[in-house]
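Peer 1: Encoded as structure tokens, here's the structure I'll be asking about.
Read the figures in this text as sums done on the coordinates, not as results from a lab. Values in this document were obtained by computation on a predicted structure and should not be read as measured data. So basically every Cβ, Gly included, is an ideal-geometry build from the backbone, and we count neighbours across all protein chains shown.
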Amino acid sequence: NWQGVKLALAKEYLFTIAIENSLDFDYITEKLWQPLVAGSVPIYLGAPNIHDWLPCQTDCIIDLNKFKTPQDAAMHIKQVATNRTLYESYHKWRNEPVSLQFQSMLNYFSTIRNYSLECILCGMSKQVDQNKDPKEYKNKIIKTIRHF
């Protein structure tokens, strides 16, 4: 499976290039998550609000948006690659609780998984069969998942 191959490959390297297809807010894909899972430090270019989505309270990625020039980024990457303590600081988060924002995101996705489109439609149909307003069911779901 391709995902397993990518994870195994990323595991072999200190860093993994993680460049998103879009630089839009909240657009974060497997390009970021897979290196984090594999134990590699992502060199990330993408969503400007990426830190709102990270599991770490401290740095766990090299965010290219933070650097003024490519040369500045290259110098930092070289410094991290040659300084074991600095490199290990990018993995410190693995032994700490995840950020509250990240935990909220995990809770949201865990909850939302319970509500597929098919299940929502079925629940609304049941409301109609019971002579109830189907919007009540929809509003209940929205209220349940809106916390994120």
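Peer 1: Longer than 28 Å from Cα to Cα, which of LYS31/LYS66; LYS31/LYS140; LYS68/LYS92 are they? Say none if no pair is.
Peer 2: LYS31/LYS140
Peer 1: Additional query: Which net charge results when you count Lys and Arg as +1 and Asp and Glu as -1 among the other residues whose beta-carbon is under 14 Å from that of HIS51?
Peer 2: -3
Peer 1: Volume per residue, Å³, of the convex hull around the alpha-carbon atoms of the chain?
Peer 2: Details: hull volume 20.1 nm³, N = 148.
Here the figure is 136 Å³ per residue.
Peer 1: Mind ordering 52-65, 77-90 by average Cβ neighbours within 10 Å, highest first?
Peer 2: 52-65, 77-90
Peer 1: Follow-up question, since we're still on this one. Treating the angle as unsigned and between 0 and 90°, give the value, to the nearest 10°, between the Cα long axis of helix 70-82 and the longest Cα principal axis of the chain.
Peer 2: It is inclined by approximately 80 degrees.
Peer 1: For the chain, what is the mean residue ellipticity at 222 nm derived from helices alone (per DSSP H run of n ≥ 4: -39500 (n - 2.57); sum divided by total residues; nearest 500 deg cm²/dmol)? The partial results should precede the final answer.
Peer 2: Numbers: 7 runs with 76 residues, N = 148.
Only helices count here, giving -15500 deg cm²/dmol.
Peer 1: Compare the Cα positions of TRP2, ALA74, PRO97 along the charge dipole of the range 2-97 (+1 at Cβ of Lys, Arg; -1 at Cβ of Asp, Glu; about the Cα centre) and return the one farthest towards the positive end.
Peer 2: So the residue we want is ALA74.
Peer 1: Can you tell me the orientation of helix 134-145 relative to the chain, as the angle in degrees between its alpha-carbon axis and the longest Cα principal axis, to the nearest 10?
Peer 2: 30 degrees
Peer 1: Turning to a different aspect of this structure: Provide the net charge surrounding ASN21, with neighbours chosen by a C-beta distance below 15 Å and charges set as Lys +1, Arg +1, Asp -1, Glu -1.
Peer 2: The answer is -3.
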